[in-house]
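**Student:** Once you've had a glance at the structure underneath, I'll fire off some questions.
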2 protein chains.
Amino acid sequence: MSAQSAEQLLHLETLSETERKILLGALHCFIQQGYFNTRIPDIVAASGVSTGSIYHHFKDKQHLAEALITQLINGLDQAMAKLISQHETPMEQIHALIEWMLTLTDAEPELVSFILYARHREFLPHQPPLCTQQPFEKMRSLVVRARENGDLPPLDEMVLTAAVFGPTLRIMQAAVDGVLPRPAHTYSAALFATIERLSTASAEV
Amino acid sequence: MSAQSAEQLLHLETLSETERKILLGALHCFIQQGYFNTRIPDIVAASGVSTGSIYHHFKDKQHLAEALITQLINGLDQAMAKLISQHETPMEQIHALIEWMLTLTDAEPELVSFILYARHREFLPHQPPLCTQQPFEKMRSLVVRARENGDLPPLDEMVLTAAVFGPTLRIMQAAVDGVLPRPAHTYSAALFATIERLSTASAEV
DNA sequence: GTCTATATAGCGATAGAC
DNA sequence: GTCTATCGCTATATAGAC
């Protein structure tokens, strides 16, 4: 069951008890079966809240999903902000972020799968793509600051972000697809080694 | 309209004219609206084939999608095999593959989006994840051969594959999400520079 | 605010003529 | 093999009691 640390990512304090139960139940269903395979009665069963109550709090299934995604992105953003604040240099922050991403993948593979594969626009056409939102913005700004520090080479910002976080995201995807022989977090050192190599490469070529 | 080069990727020669029309129509719908948002009448309109005929050739909507994905993966695999056969060394093959992936992204963003975001297991629970299949297998074997050649450092196979192809896949994703300032293929040199850096890094650390 | 019971619309799939 | 017409079901959403 993914609700334990998912619950920590959805900062639900401002919501009523019923709304929290509905959102957590829906998240559980969406993670396991996807949005389209989830029927309202599934959410009723998972949340312990009746159909009528669900529709009292949320206009329809789509608006419920919208509220959930918003909360999830905000939660991710806050978790990342807290993590970043605990470290000094951009490279240390990148390192910590990568370790956290890998650890989260081991702890909550289905949640991570939901976020990674999240073709949210298929069911939420008005949602901007995930990579334009705060969490990915944070990655980009970390990379840019590391580049300014001289810790990363003076390459294009998009390419550099892709080179720093792309490999980790691929490993996470392999993990949730079940094709990774060891737990995801055991790859953190090797992944960080590839980033080190970006910066220490001999300046020729 | 994505059917032009999509058609080249779906090697449809062995199929009847009707089956080709159905698969192309369905692909067009799935690419644009996703599997769940596509109704049978949509496929009827897109293919010009009647409901009855569709159900004569395919057991149901799910089996139609299955046939389509199979054709698509086979087509990708064959296109990649041809491309690889035209080059000598593993590194040249990797280079050519990356250029091809980026060019395809510019030419067929919606098709690439469909493949990349492909949470196909949501509608095809029995389909193995894309990254276990031939196209990704090919990437892995190229990387392993380049490593044996000494062109890539002796890092873990999964990490190395992620480091070589992960950044390109991230750029492709950014492109199809519309957050890339320039066409995807213009990033190929910078992306290949990051791979060069993997191998030429000073051996210390 | 929460619940149960139900309406209704729209979808996948089929029947059967040609 | 292809088509039109239609069935039956199921899922969303609502009505209305408490």
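**Student:** To the nearest 10 degrees, how steep is helix B:134-148 against the longest Cα principal axis of chain B, on a 0 to 90 scale?
**Tutor:** 10
**Student:** Further, regarding this structure: Which value, in Å², gives the accessible area per residue of segment B:87-205 when a 1.4 Å probe is used on the protein heavy atoms?
**Tutor:** Working: 4680 Å² over 119 residues.
Dividing the accessible area of segment B:87-205 by its residue count gives 39 Å².
**Student:** Right, another one. Of the cross-linked pairs B:Lys59/B:Lys138; A:Lys21/A:Lys61; A:Lys61/B:Lys61; B:Lys21/B:Lys61, which ones have a Cα-Cα span greater than 26 Å in the structure shown?
**Tutor:** Flagged as over cut-off: B:Lys59/B:Lys138.
**Student:** Among A:Tyr187, A:Tyr35, A:Tyr117, determine the one that fluctuates most according to a GNM of chain A built with springs between C-alpha atoms less than 10 Å apart.
**Tutor:** Checking each option, the largest mean-square fluctuation is seen for A:Tyr117.
**Student:** Each label point is 7 Å from the Cα along the Cα-to-Cβ direction; what then is the distance between the points at A:Arg39 and B:Glu92, in nm?
**Tutor:** 5.9
**Student:** Now a separate question. Using θ = phi - 60° and the Karplus form 6.51 cos²θ - 1.76 cosθ + 1.60, what ³J(HN,Hα) does each residue of segment B:122-132 get, whole Hz, x for Gly and Pro?
**Tutor:** Karplus values, whole Hz, x for Gly and Pro: 5, 10, 10, x, 8, 6, x, x, 3, 6, 8.
**Student:** Once you treat every alpha carbon in segment B:1-72 as an equal point and sum by Debye, what is log10 I(q)/I(0) at q = 0.15, 0.28 Å⁻¹?
**Tutor:** Here log10 of I(q) over I(0) equals -0.40, -1.61.
**Student:** Something else now. Under the definition of partner shielding as Cβ atoms of other protein chains within 10 Å of a residue Cβ, what is the mean value for peptide A:179-191?
**Tutor:** 3
**Student:** Something else now. Treating the point 7 Å from Cα along Cα-beta-carbon as the label, what are the nm separations from B:Thr18 to the other copies, to one decimal?
**Tutor:** Reported distances to equivalent positions: 5.3 nm.
**Student:** With r as the distance between the Cβ atoms of B:Arg121 and B:Gln78 and R0 = 22 Å, compute the FRET efficiency 1/(1 + (r/R0)^6) and round to 0.05.
**Tutor:** E(calc), rounded to 0.05, equals 0.40.
**Student:** If you put a point 7 Å past Cα along the Cβ direction, how far is that point for A:Phe36 from the same point in each other copy, in nm, smallest first?
**Tutor:** The answer, with the shortest distance listed first, is 0.7 nm.
**Student:** Per DSSP H run of n ≥ 4, the term is -39500 (n - 2.57); total these for the protein assembly as shown, divide by its residue number, and report the mean residue ellipticity at 222 nm rounded to 500 deg cm²/dmol.
**Tutor:** Counting only the DSSP helices, I get -22000 deg cm²/dmol.
**Student:** Using only Cα atoms, find the angle between the long axis of helix B:188-200 and the longest principal axis of chain B, and express it within 0 to 90 degrees, rounded to the nearest 10.
**Tutor:** Compared with the principal axis, the helix lies near 40 degrees.
**Student:** A further question on this structure: Taking chain B as a Gaussian network, where each spring joins two C-alpha atoms under 10 Å apart, which residue of B:Ser141, B:Ser47, B:Ser113 fluctuates the most?
**Tutor:** Result: B:Ser141 has the largest fluctuation of those listed.
**Student:** Counting only Cα atoms, I'd like the Rg/Rh figure for the protein assembly as shown, Kirkwood definition for Rh.
**Tutor:** Reported Rg/Rh (Cα atoms, Kirkwood Rh): 0.98.
**Student:** Per the Cauchy relation, a quarter of the hull surface: what is the mean projected area of the convex hull of the alpha carbons in segment B:126-205, in nm²? Walk me through the numbers before you get to the answer.
**Tutor:** Numbers: hull surface 27.7 nm².
Seen from a random direction, the Cα hull of segment B:126-205 projects 6.9 nm² on average.
**Student:** In addition: Once the whole set of protein chains is in place, how much accessible area is left on B:Thr18, using a 1.4 Å probe, in Å² to the nearest 10?
**Tutor:** Rounded to the nearest 10, that gives 40 Å².
**Student:** From largest accessible area down, sort A:Arg182, A:Arg140; use a 1.4 Å probe on the protein chains.
**Tutor:** Numbers: A:Arg182 100, A:Arg140 40 Å².
Reading off the accessible areas and sorting them downward yields A:Arg182, A:Arg140.
**Student:** Using only Cα atoms, what is the ratio of the radius of gyration of chain A to 2.2 N^0.38 Å?
**Tutor:** On the way: Rg = 18.8 Å, N = 205, 2.2 N^0.38 = 16.6 Å.
Normalised Rg, Cα atoms only: 1.13.
The values are calculated or read from the model by the stated rules, or taken from the named source; none is laboratory data. Note that the structure is a prediction, hence the values are computed from the model and not measured. Neighbour counts run over all protein chains shown; Cβ positions are idealised from the backbone, glycine included. Please note that ligands, DNA and RNA were not included when accessible areas were found on the heavy atoms of the full protein model with its side chains. Shrake-Rupley method; radii C 1.70, N 1.55, O 1.52, S 1.80 Å.
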